[in-house]
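Student: Encoded as structure tokens, here's the structure I'll be asking about.
Values in this text are rule-based calculations from the coordinates and carry no lab data. Nothing here was measured: the structure is a model prediction, and the numbers come from that model. Every residue, glycine among them, receives a Cβ derived from its backbone with ideal geometry; neighbour counts consider all protein chains shown.
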Amino acid sequence: MPRGGKRMNSYLKLLVTMLISGVGGGIMGALLVMGESPLKLAAGAADYGLRQYGWLILGILGVLYIISSLIIISRTKKLMAREEYAAGDQLEQLEEQIDFSYDLGCVINNIFMAVFFSGFGLALRAAGLAGNWRNMVLLICLVICGLFVSVHRIWLVRIMQKRDPSKKGDPTDFKYNREWIESCDEAERMRIYKTGYKAFAAAQWVLILSWIGTFLSKLYFETGNGPMVIVSIMWIAQMVIHSYYKFKLRRSRLE
Amino acid sequence: MPLSNRLKEHRARLGVNQAELGKMADVSRQTISLIERGDYSPSVTLALKLAGIFQVSVEDIFTYYEEEQDA
């Protein structure tokens, strides 16, 4: 197919996508109008449930996180003890298992931290902040889990640094991320950059969908401009920061 | 990936494990493992370092082959 033909198809594809999106948006809008009352009821019920039982949900999540982290820590320590006596292929297999345990620990730590702090913010009841027993329970969960998350993170980093002394950085320091990546070798950096880019690309979709969600929420649930402003700031900040580094790295050393 | 390697062979000849080779080449054990599995192509610098460690040429360790392309 001639090159001009390929470019024409892209414009046509764009037109068709816009048409389908317009039709899809119209259908969704009509459904939302028809289902406005049940949706408002459902949203109200979810919000009430979270504020009534959020302390219980977060408490359970916290306990599950602590138990699963302790299991992974114990497993990793046992595998590391066996490392001393292993050799050849068995040693390589053991090291793969230890690396997997370590990565799993990091993933659980990161996800739980995001979920817990978000849930805490959503579940906290603003009215009667001090005198409400649910708030007290939430605060206690926050302190315990927050402490455990930090200690767990420090332990994970220390374990990695013990196995590989070339890894630098103190996880309690602001310069930690920079020092850590500078001490990584080429393959580790490639993995970090690839992961980072995929997360950036996924975050773009999340932000677009969040913008749509907060826009609809403004129209149907009268939540005001607040949520839209926050999502918009995040979206713009992401684009600006990405563009800044894209230009900055044009003439920089890439190694 | 259009790069095959005989890293494991040379490592066995030298009598070192992945972690030890990693220390000699200034990279992590995971990187050596990735290269041996063919999941990562090392940089020129690292390939030359490895060749120096084994006292062979880079071509003795790594072989580049053209992937077959549809006409």
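Student: Hey, among A:Ile60, A:Ile108, A:Ile20, which residue is assigned to a helix (DSSP H, G or I), in contact with a helix residue (DSSP H, G or I) (Cβ under 7 Å, 6 or more places away or on another chain) and among the β-branched types (Val, Ile, Thr)?
Tutor: A:Ile108
Student: Any residue in the range A:76-98 that's part of a helix (DSSP H, G or I): show its pairings with residues that are surrounded by fewer than 18 Cβ atoms within 10 Å (Cβ to Cβ) and small (Gly, Ala, Ser) at Cβ separation under 6 Å, as long as the two are six or more apart or on different chains.
Tutor: Going by the 6 Å Cβ cut-off, the qualifying pairs are A:Leu94/A:Ala86.
Student: Small (Gly, Ala, Ser), away from every other protein chain (no Cβ under 14 Å), over 18 Å from the mean Cα position of the chain (by Cα) and more than 30 Å from B:Ala12 (Cβ to Cβ) - does that describe any residue in the range A:73-92? Step through it out loud before you land on a result.
Tutor: Step one: filter the range A:73-92 for residues small (Gly, Ala, Ser), giving A:74, A:81, A:86-88.
Checking the rest, the ones that are also away from every other protein chain (no Cβ under 14 Å) come to A:74, A:81.
If we keep only those that are over 18 Å from the mean Cα position of the chain (by Cα) as well, we get A:74, A:81.
Going one step further and asking which of them are more than 30 Å from B:Ala12 (Cβ to Cβ), we end up with A:74.
Checking the range A:73-92: at least one residue is small (Gly, Ala, Ser), away from every other protein chain (no Cβ under 14 Å), over 18 Å from the mean Cα position of the chain (by Cα) and more than 30 Å from B:Ala12 (Cβ to Cβ).
Student: Shifting gears a bit: Need the failing condition index for A:Asn135 against (1) away from chain B (no Cβ under 14 Å); (2) in a loop (DSSP other than H, G, I, E, B); (3) not β-branched (Val, Ile, Thr), just the number.
Tutor: Unmet condition: (2).
Student: Among the residues of the range B:53-61, is any among the acidic types (Asp, Glu), surrounded by 12 or more Cβ atoms within 10 Å (Cβ to Cβ) and in contact (Cβ under 8 Å) with a residue 40 or more places away in the chain?
Tutor: Yes, the range B:53-61 has at least one match.
Student: Separate question: Any chance the range A:32-44 includes a residue that's part of a helix (DSSP H, G or I), of a type in the set (A, V, I, L, M) and closer than 30 Å to A:Val151 by Cα?
Tutor: No - not one qualifying residue is present in the range A:32-44.
Student: Looking for whichever is more than 14 Å from chain B (Cβ to nearest Cβ), surrounded by fewer than 13 Cβ atoms within 10 Å (Cβ to Cβ) and hydrophobic (A, V, I, L, M, F, W, C) here; the options are A:Phe174, A:Phe148. Which one fits?
Tutor: A:Phe174
Student: Let me ask something else about it. Cβ contacts < 6 Å: first residue on the phi < 0 side of the Ramachandran plot, restricted to the range A:115-126; second residue of a type in the set (Gly, Ala, Ser) and assigned to a helix (DSSP H, G or I), any location; separation 6+ or different chain. Result?
Tutor: Short answer, once both residue conditions are applied: A:Ala123/A:Gly54.
Student: Could I ask something else about it? Which of the helices (runs of 4 or more DSSP H) contained wholly in the range A:171-255 include at least 2 residues that are within 30 Å of B:Gly22 (Cα to Cα) and not hydroxyl-bearing (Ser, Thr, Tyr)?
Tutor: A:176-182, A:186-221
Student: Further question on the same structure: Which fully enclosed helices (runs of 4 or more DSSP H) of chain B have 2 or more residues being within 11 Å of chain A (Cβ to nearest Cβ)?
Tutor: Here the list reads B:7-14, B:18-25, B:29-37, B:44-54.
Student: Take A:Met190 and decide whether it is within 30 Å of B:Ser41 (Cα to Cα) and of a type outside the set (S, T, N, Q).
Tutor: Yes.
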